[in-house]
1. Could you tell me which numbered condition residue 8 fails, if it satisfies all but one of (1) in contact with a strand residue (DSSP E or B) (Cβ under 6 Å, 6 or more places away or on another chain); (2) at pLDDT below 95?
2. Could you tell me whether any residue of region 26-39 is within 16 Å of the chain's Cα centre (by Cα) and under 19 Å from residue 157 (Cα atoms)?
3. Using the structure shown, decide if residue 32 is surrounded by fewer than 23 Cβ atoms within 10 Å (Cβ to Cβ) and in contact with a helix residue (DSSP H, G or I) (Cβ under 8 Å, 6 or more places away or on another chain).
4. Looking only at helices (runs of 4 or more DSSP H) that lie completely in region 139-214, which have at least 2 residues being under 18 Å from residue 58 (Cβ atoms) and touching a residue at least 60 places away in the same chain (Cβ under 8 Å)?
5. Would you call residue 101 surrounded by 22 or more Cβ atoms within 10 Å (Cβ to Cβ) and modelled with pLDDT of 95 or more?
6. Is there a residue being surrounded by 17 or more Cβ atoms within 10 Å (Cβ to Cβ), touching a helix residue (DSSP H, G or I) at 6+ places or on another chain (Cβ under 7 Å), more than 20 Å from residue 136 (Cα to Cα) and touching a residue at least 40 places away in the same chain (Cβ under 8 Å) anywhere in region 63-76?
7. Report yes if some residue within region 24-40 is under 24 Å from residue 226 (Cα atoms), outside any strand (DSSP E or B) and modelled with pLDDT of 95 or more; otherwise report no.
8. How many of the residues in region 77-100 are assigned to a loop (DSSP other than H, G, I, E, B) and in contact with a helix residue (DSSP H, G or I) (Cβ under 9 Å, 6 or more places away or on another chain)?
């Protein structure tokens, strides 16, 4: 099993390079040692604009080799929207089927105007459906600008839709909010300016440390100073990828809708942390 892990907090904003963050870690002595945490704008050949940073991200992911990357955006749409062509065909033809984010959002609503949800959204109690007003741009640009070119180039393995191939990056869908709920750490908001939100970010970093994540001071500083919480979300995505590593060796259902990977529900110790 790979010992290199990554967490991506994705953004579909016009200046996505400032809002999307990527974290990197390595497993040593059964712990996850964080090596880096940075916004996409700092990747090689990247920048603040979406049309610059997302192609740079795709190039960067393609060369990661043997690694596991947890990505915070939906990899699929509800079954009624995707049709019966299969996930790979859906992703490869995605740019033609959905010319704009608005086309995707409208397709993800039922005849009564309600948001369609995937089974995995219901199972893990995800806060938003793929076509939700707050998420649909992430869904659109994540599939169009990251998954679609990487799948067409056969440079990655996207689980559980594709069989994991050694030597390639393995991509899984994660959701930091779901992870925090599973760990019983979903409390007050941590995204905002002011001491209350700063203390909450510090609390979450302390809890991740208790769970086996070793975060160096320079990364802690970046996560604490990022008032949008995007740096911290990338660290939570990184932790999620590391925490589910054992699940990936078990045959996954090749379901067209896929699912959101999340750690098992917390017991005892993390519950106590939540009350601290």
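1. Of everything listed in (1) in contact with a strand residue (DSSP E or B) (Cβ under 6 Å, 6 or more places away or on another chain); (2) at pLDDT below 95, residue 8 misses just condition (2).
2. Scanning region 26-39 turns up no residue that is within 16 Å of the chain's Cα centre (by Cα) and under 19 Å from residue 157 (Cα atoms).
3. no
4. By residue number, 148-152.
5. Spelling it out, it is not the case that residue 101 is surrounded by 22 or more Cβ atoms within 10 Å (Cβ to Cβ) and modelled with pLDDT of 95 or more.
6. yes
7. The answer is yes; a qualifying residue exists.
8. Counting residues in region 77-100 that are assigned to a loop (DSSP other than H, G, I, E, B) and in contact with a helix residue (DSSP H, G or I) (Cβ under 9 Å, 6 or more places away or on another chain) gives 6.
The values are calculated or read from the model by the stated rules, or taken from the named source; none is laboratory data. Since we're looking at a predicted model, the values are computed, not measured. All Cβ positions, even for glycine, are placed from backbone atoms using ideal geometry, and neighbour counts span all protein chains on display.
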